[in-house]
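A short reminder: the numbers here are calculations on the coordinates, not readings from a lab. Computed from a prediction, not measured in an experiment: that's the story for all the values here. With ideal geometry, Cβ positions are generated from the backbone for all residues, glycine too; neighbour counts draw on all protein chains shown.
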Amino acid sequence: MANHLAVRLQEAKANDLPYETFLQNLLEDELNRRRDRLMERRLKLARFPYLHTMDAFDFSFNPALNKRMIKELATIAFITRRENVLLIGPPGVGKTHLAVAFGLEAVQNGFSVLYRSVFDTAQDLYDDPEYTNLGKYLKPHLLILDELGMKSLPNSAAESLLEIIHRRHRQQSTIIATNRPIEDWGKLLGDNAATSAILDRFLERVHIIKITGRSYRLKNLNNPEKSEHIKDLEMKSDNV
């Protein structure tokens, strides 16, 4: 509040503001400062890899997307209903962008969020057999588990994820993003029984977004200058 006091005093004198208006402006400054600090703290705790927003998502790149469903999910009402979201599609089609955008909307609406890759989560709990770190995956209103299928997982991955999903079931919302169909999850996690239990709980209240098409990150291959640049890089790597 002290940082704004001098400015507000000068403003009040210059505009001959009533004391009540001066005090109200000062209190609003303090409330805004606290909200900004709380937002910064929530963003730090969320551990987003980057801050991609819904406004920055390019729907025109993939017209087949269910834009209506995505916009509805962006209202974050699914969190208050304790529902889940499953994002399925090949690499580069925008799964992480959407997951982060949903998470960012949640933070801006006062919810706590944690973003982690499935591999990092499984490894974290593999190194912690007593599950002393489990609480950080249970407390957030929204847990985002990204990149299921991108890396080989520890042997205990299925049990660890089951513990998380079981504890969060009907209590908090979870987003899972994966490049593999549900039918492959048993093989990915290495435990069909545990995987079946995970799916039974996670899919009970879930919104599924299936994304098909080419990689957004490779769209510049259609640009002749970019294509030539990539070809030059490939030729140089071949000559190394």
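Worth pointing out:
- Listed residues T174, A197, S156: farthest to the positive end of the dipole of the stretch 103-199 (Cβ charges): T174
- Within the stretch 32-101, the trypsin sites (Lys or Arg not before Pro) that combine a DSSP coil assignment with at most 13 other C-beta atoms in a 10 angstrom radius are R47, R81.
- Distance in nm between pseudo-label sites at D120 and L27 (7 Å out along the Cβ direction from Cα): 4.1
- Sequentially through the stretch 188-201, phi angles give Karplus couplings (6.51, -1.76, 1.60; θ = phi - 60°) of 4, 8, x, 7, 5, 5, 5, 5, 4, 5, 4, 5, 4, 7 Hz, Gly and Pro residues having no value and appearing as x.
- Annotation: amide H-H contacts under 5 Å for V85 (H modelled 1.01 Å from N, sequence separation of 5 or more, or interchain): T174, I175, I176, H207.
- The stretch between D58 and L45 holds 2.0 nm of extra length on full extension. This uses 0.36 nm per residue minus the Cα-Cα distance.
- Options G186, F78, N133, ranked by Cα towards positive dipole end of the stretch 60-211, top entry (Cβ charges): F78
- The amide H of I211, built 1.01 Å from its N in the peptide plane, has I88, G89 as neighbours under 5 Å, considering only residues 5 or more places off or on other chains.
- Overall form of the stretch 1-154 per C-alpha gyration tensor (a/c, 1.5; a/b vs b/c): prolate
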